[in-house]
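Take a look at the structure below.
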Amino acid sequence: MQIDLRSDTVTRPTPGMLKYMFNAKVGDDVFNEDPTIKELEKKAAAIFGKETGLYCPSGTMTNQIAIKVHTQPGDELLCDVTAHVYNYEGGGISFNSGVQAKLIQGDNGRFTAKQVEQGLHPDADWLPRTSLVTIENTSNRGGGTYYQIKNVKEIAQVCKKNKLNFHLDGARIFNALAETRESPKEYGKACDSISICLSKGLGAPVGSVLLGSAEFIYKARRVRKLFGGGMRQAGYLAAAGIYALDNNIKRLIEDHQRAKHIAEILMGKSYVSNMLPVETNIIIFSLDKFMPAEKFTNALKKDNIIVSMMGSNALRMVTHLDFDDKMLKIVENALKKIK
């Protein structure tokens, strides 16, 4: 039995999800004729109080489509220095949209409305036009930290005042909502567009949904085709997303509890020098200089546990649907053995 803590993207469909997928009704989505995709888009949009949605193969695609629709070449967007759109999407901000990023030094992936105001340029011919603000909730590189809706609303007010578009990279938004108990519709009111991922904590094998107004999604659909994201009988995949939204949201808190338990064990070990706050399902920690990462990871591999690197002697563990209490005990024992 391998225990894979590299990411919550490694989950596999459950028997119930597979059965639901195989029973899906499908059509050609490029012709806008797949009933299951339409159902997923409608369901996801309704959760956040948005007019409609667009099913895409990945969260990178939904984010990049949003940036393309919200901006013009030569514009500038504001995002945190840790942002996924900046660090992990292949340089797509510049390649796909001809836009540059201005980075905000936030608090473990979160920044404030005041920092947005401070990052804006005056209106001058020789300065790029700021047209978009993006936030990530939860923050991947920030260790799974999340925004409170009041802070999101404050940023939204600054955006409205300055005629800026506001996009939420909500790849793990349901992890945040599991902790805050806030209404997703409040995010729908505050943000012009939202990307939600189905293939992380929710356990679907493929897909993300981009949410927004009917006009925004009409433009986004054209960009999706331009980016090569038009799919045909993809309702089989969309069915997994429907199942995930119906069955796998409430259980996310279990992932958080297991992550916090692992964090407590790690913080009690002398070989851990630093750890980001563990608020949801992500644990990012640094090892002492006397504990090389290779030695640590090799020790875990003896118990069939794998984790991911996050820089020089820093590692990440992510709990998820396929990680249960039995596995947690194995990880606990493995960590205690390392010296």
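A short reminder: the numbers here are calculations on the coordinates, not readings from a lab. Every value quoted in this text rests on a predicted model; they were computed, and no experiment measured them. Heads up, the Cβs are rebuilt from the backbone with ideal geometry, glycines too, and the neighbour counts pull from every protein chain shown.
Note on segment 119-178: percent of Cα-Cα distances in each 5 Å bin, starting at 0 and stopping at the bin with the largest distance, equals 4, 17, 24, 20, 16, 11, 6, 3, 1. Protection proxy ranking, highest mean first, for peptides 161-167, 10-16: 161-167, 10-16, where packing is the per-residue count of other beta-carbon atoms within 10 Å, averaged. The tail of the calculated P(r) for segment 131-241, taken as Cα-Cα distances beyond 21 Å, holds 41 percent of the pairs.
When DSSP beta bridges are limited to those with both residues in segment 12-163, what percentage is antiparallel, rounded to the nearest 5?
20 percent
Note on segment 80-199: Cα Rg divided by 2.2 N^0.38 Å, N the number of residues, gives 1.03.
Between ARG181 and LYS269, what is 0.36 nm times their sequence separation minus the Cα-Cα distance? Round to one decimal in nm.
The ARG181-LYS269 span can extend by a further 28.4 nm.
Given q = 0.20, 0.22 Å⁻¹, what are the Debye log10 I(q)/I(0) values for segment 190-289, with equal point scatterers placed on the Cα positions and solvent ignored? These q points yield log10 I(q)/I(0) values of -1.02, -1.12. Each eigenvalue of the Cα gyration tensor of segment 61-121, multiplied by 5 and square-rooted, gives one semi-axis; in descending order these are 20, 14, 9 Å.
Looking at segment 138-289 alone, DSSP beta bridges between its own residues are antiparallel in about 65 percent of cases. Each DSSP beta bridge with both residues in the chain is either parallel or antiparallel, and the antiparallel ones are about 50%. On the basis of the beta-carbon distance and an R0 of 45 Å, LYS260 and GLN100 show a calculated FRET efficiency of 0.75. From helices alone, the chain scores -12500 deg cm²/dmol at 222 nm; the rule is -39500 (n - 2.57) for each run of n ≥ 4 DSSP H residues, then divide by the residue total. Its Kirkwood hydrodynamic radius, worked out from the mean inverse distance over all distinct Cα pairs, puts the chain at 20.7 Å.
At 20 °C and 1.002 mPa s, grab the translational diffusion coefficient of segment 1-136 from Stokes-Einstein with a Kirkwood Rh over Cα pairs, rounded to a whole number in µm² per second.
Here the translational diffusion coefficient equals 120 µm²/s.
Computed over every Cα-Cα pair of segment 236-293 and binned at 10 Å starting from 0, the pair-distance distribution P(r) comes out as 21, 34, 23, 16, 7 percent.
Counting every alpha-carbon pair across segment 226-339, the share separated by more than 21 Å comes to 45%.
In this structure, the pairs whose alpha-carbon distance is over 19 Å, taken from LYS102/LYS163; LYS25/LYS50; LYS68/LYS225; LYS302/LYS336; LYS68/LYS163, are LYS25/LYS50.
Sorted into 5 angstrom bins from 0, the C-alpha pair distances of segment 262-307 split as 5, 20, 28, 29, 15, 3 percent. In segment 1-57, the inverse of the mean reciprocal separation of distinct Cα atoms equals 13.7 Å; this is its Kirkwood hydrodynamic radius.
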